[in-house]
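Worksheet: one structure, shown below.
Taken together, the values in this text are just the output of simple stated rules run on the coordinates, not laboratory data. Since we're looking at a predicted model, the values are computed, not measured. Because the Cβ atoms are built from the backbone with ideal geometry, glycine has one as well, and the counts that use them run over all protein chains shown.
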Amino acid sequence: MPWYFLSTEFIIYGCTVLIIAHAWRRGRGAVATFTAASLFGFTLEFLSVRAGTDYCYGKFLIMVPPWEVGAKMPLAACTGGEAVPLWIILGWGITVYVAMATSSLLPIPWWVRPLLDGLLAVNIDWIMDPLAGHLGFWTWFHPGPWFGIPLDNYFGWIMTVAGFSFLVRWLQHKVPASWFGKWREVVLPFIAGALGPLVVFGSISLYQAAVARGVEEWMLVAGTVLAAQLPVLYWALRVRGEAPPQRLLVGVSVFFQLLYSGMLWGSGVFSQVPALAIVAQATLCLAVLGYSWPYRWGSSSTEGA
């Protein structure tokens with residue numbers, strides 16, 4: 001098994017421990033959000049891989065489920081069969097948790113936070129997906145224009161994270177405080193996770209219908225990103241972060257950017273696709289800006305350290 005398979009897997013497991021510890025300090029609602037987001041991610045991944053129409057995974061140490069499922073996959077690269085690597089499942093939980101914990105610290109309307117969450121999350125995938133594709137982490141059956149990645153993947157990323165975040169926050173505002181008693185903050189993320197696939201697959205169906213009618217995919221993706229950016233930029237020009245720095249949240253997001261930049265060079269992919277180095281630098285800058293927005297740097301804080 002290549003070194004970059006093993007290193008990625010164990011790094012995600014290590015980060016998961018740190019994130020769970022951070023969530024534990026914040027309360028059971030935060031732990032529930034991480035857990036529900038991970039299960040939500042697994043549901044989407046497993047259904048997509050099981051359908052056998054978009055992509056498949058390579059073989060990692062821990063696959064879910066750990067036994068062979070269904071028919072043989074169509075490509076030899078699909079060594080993971082119809083299973084999902086555990087680190088991918090946990091990666092969804094980390095991505096959603098860090099984005100939501102970050103936006104929750106900002107004094108902005110609740111409905112703007114899911115838009116920011118979607119933008120923060122998709123930022124990492126502009127570099128991660130092309131790199132992972134070249135390294136064989138997963139294989140797309142129908143490669144697309146973004147360094148081999150289909151554009152609908154990025155639409156799906158935004159809708160997955162923003163959709164889950166919106167459902168959680170909408171339920172928090174609409175469900176009466178008396179419902180579920182002391183377990184309310186635990187139950188609501190799991191309800192959002194159960195409803196989330198309907199939002200994601202429904203939005204993708206609309207996307208595909210628009211493409212079938214002749215709308216260019218780049219216009220749909222660019223329009224989605226712009227529609228999310230405009231409210232976020234409006235508040236970014238009016239709101240200054242005043243929260244004590246949560247160094248773990250910023251550190252994890254920046255660390256993954258640096259990790260994939262390092263893999264880009266260490267694996268030799270840079271020599272094959274030099275333009276990815278520019279993408280890596282751009283996403284790193286955006287990650288630093290986005291995940292640092294809520295904080296008043298220069299103050300002392302031990303929380304999240």
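Pairs of Cα atoms nearer than 8 Å and 6+ residues apart set the relative contact order; for segment 159-245 it is 30 percent. Normalised by 2.2 N^0.38 Å, where N is the number of residues, the C-alpha radius of gyration of segment 171-261 stands at 1.55. All alpha carbon pair distances within segment 133-197 were sorted into 10 Å bins beginning at 0; the resulting P(r) in whole percents reads 19, 33, 21, 17, 10, 0. Across all directions, the average flat footprint of the convex hull enclosing the Cα atoms of the chain is 16.4 nm².
Taking a Cβ cut-off of under 13 Å around Ile108, the surrounding Lys, Arg, Asp and Glu residues balance to a net charge of +2, with basic ones at +1 and acidic ones at -1.
Once backbone amide H atoms are built at 1.01 Å from N, Val84 has Val64 as its partners under 5 Å, excluding neighbours fewer than 5 places away on the same chain. Here the ratio of the Cα radius of gyration of segment 1-71 to 2.2 N^0.38 Å is 1.33.
The trypsin sites (Lys or Arg not before Pro) of segment 1-71 meeting both criteria, a DSSP state outside H, G, I, E and B (loop) and at most 16 other C-beta atoms within 10 angstrom of the site's C-beta, are Lys59.
Put in line by how crowded their Cβ is, counting other Cβ atoms within 10 Å and starting with the fewest, Leu75, Leu116 read Leu75, Leu116. Comparing segment 56-198 with the 2.2 N^0.38 Å rule of thumb, its C-alpha radius of gyration ratio is 1.21 (two decimals).
If you keep only loop residues by DSSP, which trypsin sites (Lys or Arg not before Pro) in segment 181-267 have at most 16 other Cβ atoms within 10 Å of their Cβ? Of the trypsin sites (Lys or Arg not before Pro), the ones in loops of segment 181-267 whose Cβ has at most 16 other Cβ atoms within 10 Å are Arg213, Arg238, Arg240. For segment 1-123, the relative contact order comes to 26 percent (Cα pairs under 8 Å, sequence separation of at least 6).
Taken as entire DSSP H runs, the helices of the chain that both span 30 Å or more between Cα atoms along their own long axis and average 0.5 or more on the Kyte-Doolittle scale are 3-26, 28-51, 112-135, 184-212. Pairwise Cα distances in segment 219-290 exceed 17 Å in 61 percent of cases.
Under 13 Å from a label point set 7 Å out along the Cα-to-Cβ vector of Lys182, the amide N atoms of segment 15-56 belong to 28.
Free of any chymotrypsin sites (Phe, Trp or Tyr not before Pro) that DSSP assigns to a loop and that have at most 10 other C-beta atoms within 10 Å, the longest stretch within the chain is 68-296.
By the helix-only formula, in which each DSSP H run with n ≥ 4 contributes -39500 (n - 2.57) and the sum is divided by residues, the chain has a 222 nm mean residue ellipticity of -23000 deg cm²/dmol.
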